[in-house]
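Student: The structure's right below; bear with me while I get my questions together.
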Amino acid sequence: MDPAIWSRLPEELLEHVLSFLPLKTFLNLRSTCKLFKSLTSSPSFMSKHSSSSTNFSSFLLLSHRQCHHQFPLYDFSVGAWRNLHLPLSVSLPPISKSSGDSSTLLSSSNGLFCFSVPNSSSLLVCNLLAKSSRIINFPAYPFDFESLTLVSTPSGYKIFTLYSKYSSNYALVYDSKNQSWTKFNSFESVLRDSSNHQESVYYNGSLYFTTPEPFSVLRFDLDNNGGGWERTNTLLPSELVFVRLVSDGERKLYLIGGVGRNGISRSLKMWEMSDHENGNKWVEVESLPELMCRKFMAVCYHNYEHVYCFWHQGMICVCCYSWPEVLYYKVSRRTWHWLSKCPSVPEWWSCGFRWFSFVPDLYALV
């Protein structure tokens, strides 16, 4: 640690050494001196540090209407709960005294979060790790969107919304590269029953949606703006009571569905999209064990519109708005587990539990 040695160390070697620092040490280092701050903000260092992001912890984040500027986090790396407090630089408006409305977390993607701003015609996109944020104004006011999906990429992000106005349905996409909205026509079936579908799923450059009964899967070409809508012709499994989609982003697309009759699900199964000579096909890969299935169906109590799913670091999470626990499936081990309720969640919180994947990324751009 002789300063004389460090001062003669080539810059590229110093960058390489610093890229292996733990996250907390790295953040403290940035405020040490101008040299370290400039080094850690350089494009070459950003690429090195992003490639070593396995040192970063990843979390499940719980959002609830009673969570005001702080959120419970579950850290899978140590199996412990933490609390996330929003930094002052990411300022959300306080609760409105007149309406009681507060900012709501709508979507997350690769370290970025998208919040609604109450009593305003805007959204807030922020990187909590980098303590940076941006206000995005709606393309119209009032703007009553049915669904919102945030998709973050190394070069920026897009926000997809379904929007209904004067009996006409539209899809609007915000692109952070040109900071503008683009409007597209929307499939009627997507908006026919907005309570019966979850956030869309990003897979291989497109967004995928499930429609209400009769169930089908729609695709919207997001990477090529103007690519439009397409109804996939892959035959869905039979006797489905509800369906949800999950994707790791690029390689795998899964379908989670309740199987039964007369609107009552008796089992929960998982299928994977597989390539075949005659086209794509849903191949059954897993079924929830009976005892765990009984608990999950009791939790849902036939209110399957409350069920939602998402991908988190090699796991498929199956959640219910009215239940504080998370059912998750470890893909590599092919095992099912329950994540118990956060100890800090009061007993009187009876519904409105919204879970998100939080994978911190210091260099996710806002």
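The values are calculated or read from the model by the stated rules, or taken from the named source; none is laboratory data. Every value quoted in this text rests on a predicted model; they were computed, and no experiment measured them. Methodologically, a virtual Cβ is constructed for each residue, glycine included, from the backbone with ideal geometry; neighbour enumeration extends over all protein chains shown. To get the accessible areas, we keep the full protein, side chains included, count just its heavy atoms, and leave off ligands, DNA and RNA. Shrake-Rupley method; radii C 1.70, N 1.55, O 1.52, S 1.80 Å.
Student: Please state the charge dipole magnitude for region 289-342, taken about the Cα centre, from unit charges on C-beta atoms (+1 on K and R, -1 on D and E), reported in debye and rounded to the nearest 20.
Tutor: Computed about the Cα centre, the dipole is about 240 debye.
Student: For region 333-347 and region 132-173, compute the distance between their C-alpha centroids and round to whole Å.
Tutor: If we compute the Cα centre of each part, the gap is 32 Å.
Student: Only Lys, Arg, Asp and Glu count, each charged at its Cβ (+1, +1, -1, -1), so figure out the dipole size of region 273-366 about its Cα centre, rounded to 20 debye.
Tutor: The dipole of region 273-366 has a size of about 260 debye.
Student: Evaluate the charge dipole of region 213-307 about its Cα centre and quote only its size in Debye, nearest 20, assuming +1 on the Cβ of each Lys and Arg and -1 on the Cβ of each Asp and Glu.
Tutor: Roughly 440 debye, rounded to the nearest 20.
Student: With a point put 7 Å past each Cα toward its Cβ, work out how far V17 is from A140 in nm, to one decimal.
Tutor: For V17 paired with A140, the spin-label model returns 5.9 nm.
Student: E305 versus D275, label points 7 Å from Cα toward the beta carbon: distance in nm?
Tutor: According to this spin-label approximation, the distance is 3.9 nm.
Student: On to the next question. Using the heavy atoms of the protein chains and a 1.4 angstrom probe, tell me the accessible area per residue for region 264-337 in square angstrom.
Tutor: Value returned for region 264-337: 53 Å² of accessible area per residue.
Student: Would you mind counting up the charge near K269? Only other residues with Cβ under 9 Å from its Cβ, with Lys and Arg at +1 and Asp and Glu at -1.
Tutor: In short, -2.
Student: In region 99-179, with Lys and Arg counted as +1 and Asp and Glu as -1 at Cβ, which of these residues, P118, A130, Y170, has the Cα nearest the positive end of the dipole, that is, farthest along it?
Tutor: Positive-most Cα among the choices belongs to A130.
Student: May I ask for the distance between the Cα centers of region 263-285 and region 198-243, given as a whole number of Å?
Tutor: 14
Student: With 27 Å as the limit, write out which pairs from K37/K131; K269/K341; K131/K158; K131/K177; K165/K252 have Cα-Cα distances beyond it, or answer none.
Tutor: K165/K252
Student: Sticking with this one: In terms of modelled amide H atoms, which long-range or inter-chain residues lie less than 5 Å from the amide H of Y203?
Tutor: Amide H to amide H, under 5 Å and 5 or more residues apart or across chains, Y203 pairs with Y208.
Student: Mind giving me the FRET efficiency for V285 and N224? R0 is 41 Å, r the Cβ-Cβ distance, nearest 0.05 is fine.
Tutor: The value I calculate is 0.85.
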